[in-house]
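To start, the structure under review is shown below, and the notes come after it.
The values are calculated or read from the model by the stated rules, or taken from the named source; none is laboratory data. Values in this document were obtained by computation on a predicted structure and should not be read as measured data. Every residue, glycine as well, gets a Cβ built from its backbone with ideal geometry; the counts of neighbours run over all protein chains shown. Heads up: the accessible areas ignore ligands, DNA and RNA and are worked out on the full protein's heavy atoms, side chains in. Shrake-Rupley method; radii C 1.70, N 1.55, O 1.52, S 1.80 Å.
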Amino acid sequence: LQNPIRKVVNMLQAMQKKVTEEAAVAEELHEKYLCYCKSSGGDLAASIETAEAKLGELGPAIEAAISKKAQLEKDLASHEADKQAAKAAVEEATALREKEKTAFDKEFAETKANHESVSKAVDALEKGMAGSFLQTRLAGVLRAFLVKNQEKLDGDRREVLSFLSGEQSGEYAPASGEIVGILKQMEDEMAQDLKDMAAAEEAAVQSYEELMRAKKSEESALTKATMEKLDRLGDISIEITEMKNDNTDTAKSLVKDKAFAADLKKNCASKEDVFEEEKKMRAEEVTALADTINMLNSDDALELFKKTLPSAGSSFLQLQTTDASMRTQAQALVNQARSKVRPGHNAARLDFISLALSGRKVGLDKVIKMVEELIATLREEQEGDDQKKEYCTVQLDGAGEKQKVLERTVSDIGTS
């Protein structure tokens, strides 16, 4: 008859090995998770710090750009007003110049005709042709000039007007007459007036041309400044739009990063608490299993088993008593092991074994079979745990790769 205590010990040792392996796997996964928490937390903190610093810079930069844009718009309006003023000044100066030129041409022509009349009169009088001169067109022109300006004439020139009007009697003596002298003086004055008028006109033309050049230069400078500031206005408008978009995107990213960091911190802390609790329970379970195995391997247990073995002269009553005693001892051991097993880890099967041991119609062979089934179940659970471990490892590796991709993306965005 095979020792049933040895089978229970083997079962408990298998459970102890499984729990120890589970502890090693859990420790490894926990270390990886802590590494992920630490690296991700550090990266998130750096990302949050960078985003906050960027937002602190973008705000003043946007305000400065908006202020600069407003100044450019103000300058452009001023340039346009200056261009219109320059254009109006050119039109006004041009109209005045045309008016002055018309007046000059008229006055110069009249003065020139009067000067020519005086010159002809002097020649005629000096040649003794006063009578015939008075009948000419030039004499009429000179007479009309003197009549027009008679209010400005002095006494001598009034005599010339009287002469031209035929009011003097007798023949004029050119060698001794005063009329020739007066006319020569008028001739000289008119010649000087013509020079002065021509000089004044030339100066007016020169002043007008200088004004035109200045206004043209001013208008050219204003046009150039306008074009440059229009280009700058376009660039700064684009810059403002880009900075605003960047500010919005950075703010949204910061909110998400902070939320993710908070969740990560919470989850990591919670995971740490859960791990420590599981570690403590697992240690208690290993201790309980070890104590049970030691108890079953003790001399007392071996002696009890020997006493239960049937001998040649044993009566049915002795066998029945021995079987009951062994059941009681085995049940005590199972109950002790059950009290140290954490909930959910095959506790129900141990309860069922305990119930079978307490029955009277189930033999030890049936109990041993149930223990063997429990061992088979533990092997299946071990395979399932191994698959879970592999899955968790793949997930952690995938999360690490995703993190690297996100870091590269963030780095590329920051560089661009």
Distances longer than 22 Å among the Cα atoms of segment 1-85: what percent of all pairs is that? 69
Hey, what's segment 188-289 come to in accessible area per residue, 1.4 Å probe, Å²? 67
For segment 219-271, give the percent of accessible area contributed by carbon and sulfur heavy atoms, probe 1.4 Å, rounded to a whole number. 55
Quick tally, 1.4 Å probe accessible area for 90, 255, sorted with the most first, runs 255, 90
Would you list 197, 281 from the most to the least accessible area, probe 1.4 Å? 281, 197
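If r is the Cβ-Cβ distance from residue 231 to residue 200 and R0 is 51 Å, what FRET efficiency results, to the nearest 0.05?
0.65
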Under the 0.36 nm per residue contour assumption, what length would be gained going from the current alpha-carbon distance of residue 20 and residue 211 to full extension? 58.4 nm
With r defined as the distance between the Cβ atoms of residue 389 and residue 10 and R0 fixed at 25 Å, what FRET efficiency is calculated, to the nearest 0.05? 0.50
Rank these residues by their accessible area, most exposed first, probe 1.4 Å: 286, 394, 274. 394, 274, 286
Please list, in order, the residues from segment 14-41 whose amide nitrogen is less than 16 Å from a point placed 7 Å along the Cα→Cβ vector of residue 272. 30-41
